[in-house]
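Chemist: One structure, as structure tokens, below. Some questions next.
What follows draws every value from the coordinates through simple rules; no lab data is involved. Treat the numbers as computed from the prediction; the structure is a model and nothing was measured. Because the Cβ atoms are built from the backbone with ideal geometry, glycine has one as well, and the counts that use them run over all protein chains shown.
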Amino acid sequence: MPDKAPKLMLKRVQIRGPRPQYGATHKKLAPLVLAANPICVRCRVNFSCHAHHKVYPATCVEDYEALCIACHKIADREMQQ
């Protein structure tokens with residue numbers, strides 16, 4: 001058995017630059033969207049945890065939809081196509 005504990009290798013995470021779609025407006029509106037829709041609006045099964053932009057830039061609550069993790073991944077793929 002070794003005398004020393006193994007050395008942990010920490011992975012450095014690269015932080016992306018400022019993202020305009022997540023500014024002050026998003027920080028203000030996202031909690032409102034999630035509070036108004038605690039259940040995912042697409043699958044209606046899981047709890048919502050993402051305020052997804054339907055349009056950019058989002059300026060009001062109607063520009064978002066509350067999604068669960070799985071539906072948010074699908075929505076992101078749909079927007080990239």
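Chemist: How would TYR64, TYR56 line up from fewest to most surrounding beta-carbon atoms within 10 angstrom? Let's see the in-between values first.
Modeler: Numbers: TYR64 23, TYR56 10.
Starting with the residue having the fewest Cβ neighbours, the order is TYR56, TYR64.
Chemist: Where Rh is the Kirkwood radius over the Cα pairs of region 24-80, the temperature 25 °C and the viscosity 0.890 mPa s, what D in µm²/s does Stokes-Einstein return?
Modeler: Values: Rh = 11.1 Å.
Reported coefficient: 221 µm²/s.
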